[in-house]
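Below: one structure, written as structure tokens.
We did not get these values from a lab; they are worked out from the coordinates using the rules stated. These figures come from a predicted structure and were not determined experimentally. FYI the Cβ positions are ideal-geometry reconstructions off the backbone, even for glycines, and counts take in every protein chain you see.
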Amino acid sequence: MASLGVNIDHIANVRQARQTVEPDPVTMALLAELGGADGITAHLREDRRHIQDRDLRLLKETVRSRLNLEMAATPEMVQIALEVSPDMVTLVPEKREEITTEGGLAISSSKLHLKEIIQKLKSAGIPVSLFVDPITEELEASSMIGATWVELHTGNYAEAKWSAQPLELAKIQEGTAKARSLGLRVNAGHGLTYQNVEPIASINGIEELNIGHTIIARSIAVGLKEAVREMKNLIQRPRKEPLFGKQSY
Ligand code: PXP
């Protein structure tokens, strides 16, 4: 059964829209944990558009579950990760002009660079996850350079029309099996919602789903603790039959 990592960047987005002190992602992380979050994810971006350095340092002190630092593979971020020492680091591609992370890392073309960073973090006791598309070549490269986890990019699945969704789901299923056969641990995330999460949550071998936007959006209506609880119930609901194909009509 997959666990739930809650991405709190979107709380910081609201705060930064007014350049003020509220809402505070650090205090909201506690509510997410009370609702059942198994981990808290924060992405410190190079342009500091949402999470700030201060948030990260306080989260390190206050998070009682697990702190997953999402970051670009740059010397500045590696230095910060070494100072803060989160429970894990997820390396993601980052472009200034993007609204959110747009796709997986191109690992096969930057193996040496990523390998060096993974080794540096690992030797400081910080395991590394690589955000990747479910493509065999990228999974093989991830395993080769020493990643502990991969986080499979579910964005294409989430954005696919209903008729294309089974194919995108099958890619995540196959990617999970391939990654596991390479000895990698598997997380997944991006674009998951209350409507589309269940087929992904039912894939054997995925350990954790990282979900942000939909939970924070739902929390405006029901509060963060309840929004997290609802998502956790969906992810961990006992299933009698595979949900694959549920939406065909
Ligand atoms: N995983 C990664 C690597 C991400 O970059 C993001 C977005 O910040 C998420 C998961 C969560 O995506 P969403 O906000 O669409 O749930």
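Where nothing but the Cβ of Lys and Arg (+1) and of Asp and Glu (-1) is charged, how large is the charge dipole of region 132-249 around its Cα centre, in debye to the nearest 20?
On the way: 13 positive and 14 negative charges, 110 e Å.
The calculated dipole for region 132-249 is roughly 520 debye.
Taking only C-alpha pairs under 8 Å that are 6+ residues apart, what is the relative contact order of the chain in percent?
Values: 470 pairs, mean separation 52.4, N = 249.
Normalised by residue count, the contact order of the chain is 21 percent.
Would you mind calculating the relative contact order of region 135-249 from Cα pairs under 8 angstrom and at least 6 residues apart, reporting the percent as a whole number? Mind showing how you got there, number by number?
On the way: 139 pairs, mean separation 29.8, N = 115.
Computed over region 135-249, the figure is 26 percent.
What is the gain in length, in nm to one decimal, between residue 111 and residue 221 on full extension, counting 0.36 nm per residue of separation less the C-alpha to C-alpha distance? List each step's numbers first, then the result.
On the way: separation 110, 0.36 × 110 = 39.60 nm, distance 4.37 nm.
Stretched fully, the residue 111-residue 221 segment lengthens by 35.2 nm.
Just name one of 130, 153, 201: the one whose Cα is farthest towards the positive end of the charge dipole of the chain (beta-carbon charges, Lys/Arg +1, Asp/Glu -1).
201
Given the pairs 60/225; 171/232; 120/178; 115/178; 111/225; 122/161, which are separated by over 32 angstrom at their Cα positions?
Those over the limit are 111/225; 122/161.
Given region 12-164, report the % of alpha carbon pairs whose separation exceeds 26 Å.
On the way: 3273 of 11628 pairs.
Tail of the P(r) past 26 Å holds 28 percent of the pairs.
Can you pull out the GluC sites (Glu not before Pro) in region 93-188 whose DSSP state is coil and whose Cβ has at most 13 other Cβ atoms within 10 Å?
97, 98
Using the per-residue mean of other Cβ atoms lying within 10 Å as a proxy for protection, in what order, highest first, do the peptides 211-222, 22-33 fall? It would help to have the intermediate numbers written out before the result.
Values: 211-222: 18.3, 22-33: 20.0.
So the order, starting with the most tightly packed, is 22-33, 211-222.
Please tell me the relative contact order of region 38-145 in percent, rounded to the nearest whole number, where contacts are Cα pairs under 8 Å and at least six residues apart. Each step should come with its number before you reach the end.
Values: 155 pairs, mean separation 24.6, N = 108.
About 23 percent, as a whole number.
Rounded to the nearest 500, what is the chain's calculated 222 nm mean residue ellipticity when only DSSP H runs of at least 4 contribute -39500 (n - 2.57) each, over all residues?
Details: 11 runs with 111 residues, N = 249.
Using -39500 (n - 2.57) per qualifying helix, the result is -13000 deg cm²/dmol.
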